[in-house]
Amino acid sequence: MFYTLAPKSWLLSPLVLAVMLMSWGLPLGASAYPSQVYFFKKGEGLVSSEQFARLTKNEIPYPLYQKALAVGRDAKIFRTQERYYLSTDCGLNLFYVEDGQVKNAYKGDNFGYFCGTTRFYFHDTIWSFGGYGFWRGHATLSFFQSNGEWSIWPTSQLPHFFMPSLTYYHKGHLYAPLGLRVNQADKKPIQSHRGGYVLDLSSQAWSPITIQWTGDSFRIPHSLSPLFQVETQGFLLFFITDFSEKAHYLLLEKSTGRIFEMPQVPGWLNKQALIATKGDTLYTQRNGQVYELLLSSQHHGPLAGKVKTPYSSGTGKKSYLPWGLTGGGLIILWLGIYFVKRLLSQKKKKREDFQWAQKLMPYAGQDLSVSALDEILGLNYLTNEESRRAKRAHIIRTVGQGPFGLNISRKRADTDRRYFHYHVSKSKSSFWKFFGP
């Protein structure tokens, strides 16, 4: 249900506040910060500083909203562990507020390749996914480095010229079930694409997916602008038309891939300039009133379709382990714990490998001394020289053999042959050859 919040609605009793926090999916005692704020340049309902503070619970700096207005593009404000960032469309800038001043974390000068991109925060890193630019669409995944530059994260089986029109993130996977094939060199530069793709962030591999509609399928606009969509913790709300030009709000449940009609959503929602999210609740401001919409798997219309993926989980209902376990059940449980621990250990190792590669990528093409390399990799804490040498060799071997597109070779110094240095280079046969900076 979509309803307004009267000004006194913020004065809640502790019991009501606890119920609301649980409905938002937040642990009691956690800070209820807004997850993100969407800014649509063609939307209506520009707000004052007081209205913005009320809409965002006075947590997001108003200068970020003013910067979005000044840039004049669609934008999104999202939170990391450190602060809120403003990401604007068709650019790589990441604005933040420090000491009352708006500053840019991006230190480069590239632009144009990331129109219609999706930015999100995952594993302590800011990511950019998909978009179009330079006369073609792409499903490139990039990450923001500590040196203020973006780098492309190599993946296998990358879909060529595919521009995602609908995207969301769920449990280590990036989903793009709808998209277009954009290539200005073709006779038909913009074409509908059958199905979409999902990226497994652990294996770094793409797989094809489709949406199985229950009735007539919906029309993907032949436009370089993505569909109107707002993502929350567990859902994706988007606006689309069918082949009879009838407009629909659809709700995608991330855990199951099911897509439902949402007839209760007012038609003016996709025309708003600002929409804030927190948990699975949307907030927007219209005519001086704050409206809120709680997205739920219990309140929706009829089933419209389902995303069919290699990771589909059926109905998404929870299963419970009975208290009385037989001997065979205990063995199965022990094996399950063993394999889960092994899987978690492998995921931790992959994350460490990625962090090492991420630290070395800015130094591609450079020669590093042994001490400089140890400082970059954070090995100075090892006081034993043999331990440090063994750890250094392990990292060099892991990064060189991994899918990171990096080679690290040891060479003797030209000035003094008694000493060695390390040369960091990008692999010629890697993904960087085609899409690297």
Exercise. What distance in nm separates the simple spin-label points at Ser202 and Gln358, each placed 7 Å from Cα in the Cβ direction?
Worked result: 1.8 nm
For this session: Inverting the mean 1/r over all pairs of different Cα atoms, compute the Kirkwood radius of the range 160-235 and quote it in Å.
Result: 13.5 Å
Exercise. Taking a 24 Å limit on the Cα-Cα distance, which of the listed pairs Lys103/Lys171; Lys42/Lys246; Lys57/Lys254; Lys171/Lys306; Lys171/Lys271; Lys42/Lys67 fall beyond it?
Worked result: Lys103/Lys171; Lys57/Lys254; Lys171/Lys271
Exercise. Which value, to two decimals, describes the C-alpha radius of gyration of the range 67-136 once divided by 2.2 N^0.38 Å?
Worked result: 1.10
Problem set entry | In nm, spacing of pseudo-spin labels at Ala247 and Gln184 (7 Å Cα→C-beta vector) | 3.0 nm
For this session: Keeping all protein chains in position, work out how much accessible area His160 exposes to a 1.4 Å probe, and write it in Å² to the nearest 10.
Result: 130 Å²
Seminar exercise, completed: Per the range 199-255, sqrt(5λ) over the Cα gyration tensor eigenvalues, sorted largest first, in Å, gives 23, 15, 13
Exercise. Once label points are set 7 Å from the Cα along Cα→Cβ at both Lys42 and Gln191, what is their separation, rounded to one decimal in nm?
Worked result: 2.6 nm
Problem set entry | Length released on extending from Glu149 to Lys171, taking residue separation times 0.36 nm less the Cα-Cα span | 5.3 nm
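The values are calculated or read from the model by the stated rules, or taken from the named source; none is laboratory data. Values in this document were obtained by computation on a predicted structure and should not be read as measured data. No Cβ is skipped: glycine too gets one built from the backbone with ideal geometry, and neighbour counts run over all protein chains shown. The area values use the complete protein model at the heavy-atom level, side chains included, leaving out ligands, DNA and RNA. Shrake-Rupley method; radii C 1.70, N 1.55, O 1.52, S 1.80 Å.
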